[in-house]
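Working notes, beginning with the structure itself.
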Amino acid sequence: MTKPSPAPVRSSLGLRLVHAAVFLAFAAAATVAALPEWRHGLDVLGRAYHVGTPPRAVLVLGSVLAVAGASSLLFSLLRNRSAPMVASWLILGGLVASIVGTAGSPEPERPTEVAANTALIQLGQRVQVAMVSQLQERGEVPVALGPWQHALERVAPPGRFRTRGFRAVPPQVVAVATPEALPAPLLPGALLLHVSSDGASFELRLVGLSQGEPQVLRDETGAPVVLRGLFNPSLPATPARSLP
């Protein structure tokens, strides 16, 4: 006759409560650290374009592990059972991933749309100044798009604007037939260029973001921001300024 197997040893309620309090605090720390990453990731899902670097994957993974472990621990506590060992390991793994993700990755860049639009205007002004210098020196600027794109690439930082899938949209010069024309599709970070047929004048309009949608930037009066260059023969010719 076989003997019945002994009942599993169950820790006391007080010990289970202390264990739960400690490990739930660990889980909360890992989850709170990842909240900005989750908030940013969920926010950009509803936008065609946005600004900011992708969520830090290690931090997100740590929060997932911590929540899974905490859920298992709470379920066991409510059923008056000892928490399985795997719950503790999941929480500890989530906490370690949170620490590694915070210390081992660069601080994310999460500028506002206003800050990104302002940086785009400053970028356009640098291209404008360089081309105005060339205009005064030579009496004309290139009508072809290539030299303009090259001038932009020499001063442009990595793309601040990103797609919903976090792919960077690099700044680019887009030629338009008339100053008011808009290309399709309209991409953030674009400099819309119109050069007169004789190359003696040009206009640049800038495409930024407004609530995730590409729009031509406007000033406080509602008028488009336009960066112009016009050859003035009464001014002395100055050497073209080099782009750093």
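The values are calculated or read from the model by the stated rules, or taken from the named source; none is laboratory data. This is a predicted model, so every value here is computed, not measured. Positions of Cβ are backbone-derived with ideal geometry, glycine not excepted, and every protein chain shown enters the neighbour counts. The area values use the complete protein model at the heavy-atom level, side chains included, leaving out ligands, DNA and RNA. Shrake-Rupley method; radii C 1.70, N 1.55, O 1.52, S 1.80 Å.
Comparing 59, 206, 73 in a Gaussian network model of the chain, where Cα atoms under 10 Å apart are tied by springs, the biggest mean-square fluctuation is seen for 73. Where in the stretch 97-115 does the amide nitrogen come within less than 16 Å of the point 7 Å from the Cα of residue 38, taken along Cα to Cβ? It comes to 97-99, nothing else. In terms of its Cα atoms, the stretch 71-118 spans 58, 22, 8 Å along the principal axes, sorted from long to short.
Count neighbours as other Cβ atoms within 10 Å of each site's Cβ, and list the GluC sites (Glu not before Pro) in the stretch 138-214 that are DSSP loop with at most 12 such neighbours. Answer by residue number: 180.
Given a 1.4 Å probe and every protein chain left where it sits, what share in percent of the accessible area of the chain is carbon and sulfur? Accessible surface attributable to carbon and sulfur in the chain totals 64 percent. For residue 219 and residue 107, the difference between the fully extended length at 0.36 nm per residue and the C-alpha to C-alpha distance is 37.2 nm. Proximity of backbone amide H atoms, modeled 1.01 Å from N, is registered between residue 218 and 225 at under 5 Å, excluding neighbours fewer than 5 places apart on the same chain. Kirkwood's formula applied to the C-alpha pairs of the stretch 1-135 gives a hydrodynamic radius of 18.5 angstrom. Once backbone amide H atoms are built at 1.01 Å from N, residue 175 has 193 as its partners under 5 Å, excluding neighbours fewer than 5 places away on the same chain. Taken over the chain, the ratio of Cα radius of gyration to 2.2 N^0.38 Å equals 1.62. Model label points for residue 154 and residue 114, set 7 angstrom from Cα along the Cα-to-Cβ axis, are 3.4 nm apart. Using only the Cα atoms of the stretch 100-226, each taken as one equal point scatterer with no solvent, compute I(q) by the Debye sum, divide by I(0), and report log10 of the ratio at q = 0.21 Å⁻¹. Debye curve over Cα of the stretch 100-226, log10 I(q)/I(0) at q = 0.21 Å⁻¹: -1.27. Convex hull volume of the Cα atoms of the stretch 182-221, normalised per residue: 80 Å³.
Dividing the summed helix terms, -39500 (n - 2.57) for each DSSP H run of n ≥ 4, by the number of residues in the chain produces a 222 nm estimate of -15500 deg cm²/dmol to the nearest 500. Using the heavy atoms of the protein chains and a 1.4 angstrom probe, tell me the accessible area per residue for the chain in square angstrom. So the chain comes to 57 Å² accessible per residue, rounded to a whole number.
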